Amino acid sequence: MTTDSPDDARGRRLHRLEGAYNLRDLGGLPTEDGGETLTGRVFRSDSLQSVTLGDVARLHDALGMRSLIDLRGEDEVVAEGRGLLADRHLRYVNLPLVQEDGSLVSYLEDGRTVDLVPRYLSYLASPGRTMLRAIELISEAGSAPTVFFCAAGKDRTGVLSALVLRLVGVQSEAVVDDYLLSAESAEIILRERLMPSPTYAHHIATLPPEVYRAEAATMRRFLVALEDRFGGAEQWALEAGLEPSVLARLRTALRG
């Protein structure tokens, strides 16, 4: 019996599309009790606004996608659109975590570098129980494949992914490794989608380039802060108002 290398396992999780560059399955990740998350249930991605007809067929028919959770701000959705998937019979919910309108400037530490961890922690307090609602929707989908996404699929999507994975018991370092996969697509997303867009161009002009990188230290520090401030993902979620039954459904959806 042969065992897949980490690169083989990672390759199975990634789904290359013509119009999206950061789509991957959250299945196949190791859990603290020796198991792993189920494949084909929950996916994370960069924006799906530019998917082609071939991409739509793959998402809808091959992967069986049934629900979309869009974490972009309302202004982003209006300006950038939803693309071809808007015409498909998919459940679509827009849950803006924040309006990415340049406020990252306030996280500049010395006028040159940005600490993303405070930004990531601020997502936990998004108005209207937004983060909790996203977790609830993922849990409600059960075995019907769901994808959640933002513009680049790194920050807002990365935090929701980290919470979901920790809530179902995925090892912390596996969460970090998953976050790092966004580094592989960051340059092409920056060059082909964000830089040409008036919606995001001001970010690129005013912020240092490391903002758009996915670095292991960032996610590790976020997970440490999650433990130190809230007692971990589960304690945060329950104290924020997540029902234990939702947590149980989420674990069933991703663990079986």
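The condition of being open to solvent by 20 Å² or more (accessible area, probe 1.4 Å) and either at pLDDT 95 or above or over 30 Å from residue 59 (Cα atoms) (or both) holds for only one of 192, 210, that being 210.
Listed by position, the helices (runs of 4 or more DSSP H) enclosed by the range 18-133 that each have at least 3 residues that are at pLDDT below 95 and open to solvent by less than 40 Å² (accessible area, probe 1.4 Å) are 116-123. Among the criteria (1) surrounded by 13 or more Cβ atoms within 10 Å (Cβ to Cβ); (2) touching a Gly at 6+ places or on another chain (Cβ under 9 Å), the one residue 240 does not fulfil is (2). Candidates 233, 183: the one that is under 27 Å from residue 82 (Cβ atoms) and at pLDDT 90 or above is 183. Filtering the range 199-213 for residues that are of a type in the set (Gly, Ala, Ser) and either more than 29 Å from residue 78 (Cβ to Cβ) or not in a helix (DSSP H, G or I) (or both) leaves an empty set.
Restricting 225, 205 to those that are of a type in the set (A, V, I, L, M, F, W, C), more than 24 Å from residue 42 (Cα to Cα) and either within 17 Å of the chain's Cα centre (by Cα) or modelled with pLDDT of 95 or more (or both) reduces the list to 225.
Could you go through the range 141-163 and let me know if any residue there is more than 26 Å from residue 93 (Cα to Cα) and part of a helix (DSSP H, G or I). The answer is no; no qualifying residue exists.
The values are calculated or read from the model by the stated rules, or taken from the named source; none is laboratory data. Being a predicted model, the structure only gives us computed values, none of them experimental. Neighbour counts are summed over all protein chains in view; Cβ atoms, including those assigned to glycine, are modelled from backbone coordinates with ideal geometry. To get the accessible areas, we keep the full protein, side chains included, count just its heavy atoms, and leave off ligands, DNA and RNA. Shrake-Rupley method; radii C 1.70, N 1.55, O 1.52, S 1.80 Å.
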